[in-house]
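S.K.: Below: one structure in structure tokens.
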Amino acid sequence: MSFVRYSKTGIWSSSHDVICTVVKTLSRNLRFLVPRADRKDSAEASRRVAEHPTLRWPAVAALGLLAVGATFGAPLHGQSSAQGGEPVVIPRLTGPISFDGRVDEPAWEEIPVLPATMNRPTFLGAPTEGTEFRVAHDGTYLYLGCRLYDSDPSGIRALSLQRDEGSFSNDWCAIGLDTFLDRENLQLVGTNPAGQRTDVVFANDAEGVAPDFDWNTFWDVEVSQDGDGWEAEIRIPFSSLRFQETEDGVTMGLLIFRNIARKNEVVTYPAINPRWGTYSVFKASQAQPVVLRGIRSTNPLYVTPYAIGGAGYTHDENEAQTGYDRETSRLREAGVDLKYGLTGNLTLDVSVNTDFAQVEADEQQVNLTRFSLFFPEKRPFFKERSGVFEYSLGGNERLFHSRRIGLSGGKPLRIFGGARVVGRIGEWDVGALTMQTDAPDEGGGPENTSVLRLRRRVWNENSYLN
């Protein structure tokens, strides 16, 4: 069963719906102590887990509409209880490692094992198989080392090599990062025992918004198997991540999980209550705050040019109907997409003579209603931190949907170009977008679509100013 096909649990009370947006309840009552565990003490480390999270039921209120509004929300069955306590410091590697899928170098042995806890089938139970999660960095890369013991290596499952085939019928090791610690957006990369690669973004705390499997970033993975189980090393360059630097370092949210497919068992760090069903392990609000010191943001520049050329001809009968005239047509198109990290927490996308010909096609749908069909955005230009622009009005209704840019009456329009800036400045989520398109067939001149969105928490962790 796929990540995206599970239904999320929990029912929203209609009295708590706010027309502007739905804001999650983030309770930080959990105090999580991370013990150090020796390499061979995986089972003992798994038992030293967090206290059970508790819930708070905030009041519901709404101030303002659309442009400016503080919004509150409380779900019927309890919302997120974020991991609390002091952030855990991610250690720096003290020596070299060979990126070969084996977590056996002396530098790895010096990294403490993070306590793994069963998420399902028995919450807070000890994993049935030894599980060792180690996370470290070297200033350039963030590393995840997974040593995943298995008493029956023949039962290890790796059924697919397809990119982004996020099925729980495979064994898994994955790491999720809430790079801005906004408790809403989780970037997750993972692999199965065959080295398959999945990268996906979960927005809105994995509630009400489909996972974005169209998101791809730069990262590496190596795996290995032996008679004791399987191992995985995942390496993510910091240049692939956007984050905010402070004097104390960079604070992010960290979430790791292992799936043992034949047992329907999920093991996580930190301990995550399974009350939200399968999506529990994808909730940014449940990530453990961590601090990385000695890293610096970079300003990568990615340039993607394209050029298209072609020629053809036809023979049409002349007016006198005495012969055929040859008519030649030529096609010459060129454009470029540019992505640049303005700062560690702001990204600029620029597109000139935009071409989306290589974007994945939509799944065919049959519309038997009088309402328009909803198609998700798949164009890479609009994808990074697209949740900043989300302003849900309930269901698939939203104040702004970027998929409508370049369409008029269901027909595509030429996109001359545009620019987009997304990121975070201090406590503010920032998104700005402008796109210029050709005139529609119905007449009129070229059209411009521009959007600006600013949002931050105010008063408490459950209210937002938009």
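The values are calculated or read from the model by the stated rules, or taken from the named source; none is laboratory data. The model shown is predicted, which means the values in this text are computed figures rather than measured ones. Note that we place each Cβ from the backbone using ideal geometry, even for glycine, and neighbour counts take in every protein chain shown. Side chains included, ligands, DNA and RNA excluded: accessible areas come from the protein's heavy atoms. Shrake-Rupley method; radii C 1.70, N 1.55, O 1.52, S 1.80 Å.
S.K.: Near residue 269, within a Cβ-to-Cβ distance under 11 Å, what is the net charge of the other residues, with Lys and Arg +1 and Asp and Glu -1?
M.R.: +1
S.K.: Now for a different question. Defining a contact as two alpha carbons under 8 Å apart and six or more residues distant in sequence, what relative contact order in percent does the range 395-437 show?
M.R.: Relative contact order for the range 395-437 comes out at 34 percent.
S.K.: Taking 10 °C and 1.306 mPa s as the conditions, I'd like the Stokes-Einstein D for the range 236-303 in µm²/s, using the Kirkwood hydrodynamic radius from alpha carbon pairs. Don't skip to the end; give the middle numbers.
M.R.: Details: Rh = 14.3 Å.
The Stokes-Einstein estimate is 111 µm²/s.
S.K.: Keeping all protein chains in place, calculate the accessible area per residue for the range 187-296 (probe 1.4 angstrom), answer in Å².
M.R.: Numbers: 3080 Å² over 110 residues.
The answer is 28 Å² per residue.
S.K.: Within the set of other residues whose C-beta is less than 13 Å from the C-beta of residue 346, count the net charge using Lys and Arg as +1 and Asp and Glu as -1.
M.R.: +1
S.K.: Percent of accessible area on the range 166-224 owned by carbon and sulfur, 1.4 Å probe?
M.R.: 49
S.K.: Sticking with this structure for a sec: Using +1 at the C-beta of Lys and Arg and -1 at the C-beta of Asp and Glu, which of 187, 216, 173 has the Cα lying farthest in the positive direction of the dipole of the range 166-264?
M.R.: After comparing all options, I get 173.
S.K.: Cα atoms only, the range 76-223: Rg and Dmax in Å?
M.R.: 16.3, 50
S.K.: Which of the peptides 416-422, 298-304, 232-238 is most tightly packed, and how do the rest follow, judged by the mean count of other Cβ atoms within 10 Å per residue?
M.R.: Packing proxy ranking, top to bottom: 232-238, 416-422, 298-304.
S.K.: Right, another one. For the range 311-466, report the accessible area per residue in Å² (1.4 Å probe, heavy atoms, rounded to an integer).
M.R.: Working: 9670 Å² over 156 residues.
With the other protein chains kept in place, the range 311-466 gives 62 Å² per residue.
S.K.: Gain in length, residue 247 to residue 407, computed as 0.36 nm per residue apart minus the alpha-carbon separation, to one decimal in nm? Can you show the working numbers first?
M.R.: On the way: separation 160, 0.36 × 160 = 57.60 nm, distance 4.60 nm.
That pair, residue 247 and residue 407, stretches by 53.0 nm at full extension.
S.K.: Compute the convex hull volume of the Cα atoms of the range 319-413, divide it by the residue count, and report the result per residue in Å³ as a whole number.
M.R.: In the range 319-413, the Cα convex hull volume per residue is 195 Å³.
S.K.: Moving to a separate point now. Which order do peptides 154-161, 282-289, 108-115 fall in by mean Cβ count within 10 Å, highest first?
M.R.: For the peptides 154-161, 282-289, 108-115, the packing ranking is 282-289, 108-115, 154-161.
S.K.: Counting only protein heavy atoms and using a 1.4 Å probe, what share of the accessible area of the range 392-466 belongs to carbon plus sulfur, as a whole percent?
M.R.: Reported share for carbon and sulfur atoms: 53 percent.
S.K.: Give the Rg (one decimal place) followed by the Dmax (whole number) of the range 125-191, computed from C-alpha coordinates and expressed in Å.
M.R.: Here Rg and the maximum Cα pair distance are 14.4, 41 Å.
S.K.: Three principal axis extents, largest first, for the C-alpha atoms of the range 103-156, in Å?
M.R.: Dimensions of the range 103-156 along the principal axes of its Cα atoms: 37, 26, 17 Å.
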